[in-house]
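The values are calculated or read from the model by the stated rules, or taken from the named source; none is laboratory data. In this text the structure is predicted, and so the values were computed from the model without any measurement. Note that each Cβ is placed from the backbone with ideal geometry, even for glycine, and that neighbours are counted across all protein chains shown.
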Amino acid sequence: MSNRVTAEYLRLATRKLLERVELREKFVVTVNGRDDALLSPLVSRPLAVPKDVILDRLRRVQTDPDLTSDLEELASDMTDDSDDLG
């Protein structure tokens, strides 16, 4: 089911393991050879947010009136698809 790691390894490589958990891996933590805990993501969330979702959120909750024009300028310089953000 899951990868097994010792409590000692968890202590020594916490950051590395948490980065893997962020990528949806799960780990069983063992103490003295017995399964003791499960290290897994709290919630399921996408690794990337689709462009249309971000744009929809920006349109609905626009706190800075100049943000859309700033993002349009940045997007045209950084992406191949220069769709209008407004």
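Among (1) assigned to a loop (DSSP other than H, G, I, E, B); (2) in contact with an Asp or Glu (Cβ under 8 Å, 6 or more places away or on another chain), where does Arg4 come up short? Of the numbered conditions (1) assigned to a loop (DSSP other than H, G, I, E, B); (2) in contact with an Asp or Glu (Cβ under 8 Å, 6 or more places away or on another chain), the odd one out for Arg4 is (1).
Residues of region 22-67 that are part of a helix (DSSP H, G or I) and under 30 Å from Arg4 (Cα atoms): Glu22 alone.
You will find that of Arg34, Arg24, the residue that is of a type outside the set (Gly, Ala, Ser) and more than 23 Å from the chain's Cα centre (by Cα) is Arg34 and no other. Somewhere in region 8-21, is a residue in a strand (DSSP E or B), at pLDDT 95 or above, touching a strand residue (DSSP E or B) at 6+ places or on another chain (Cβ under 6 Å) and aliphatic (A, V, I, L, M)? No: zero hits.
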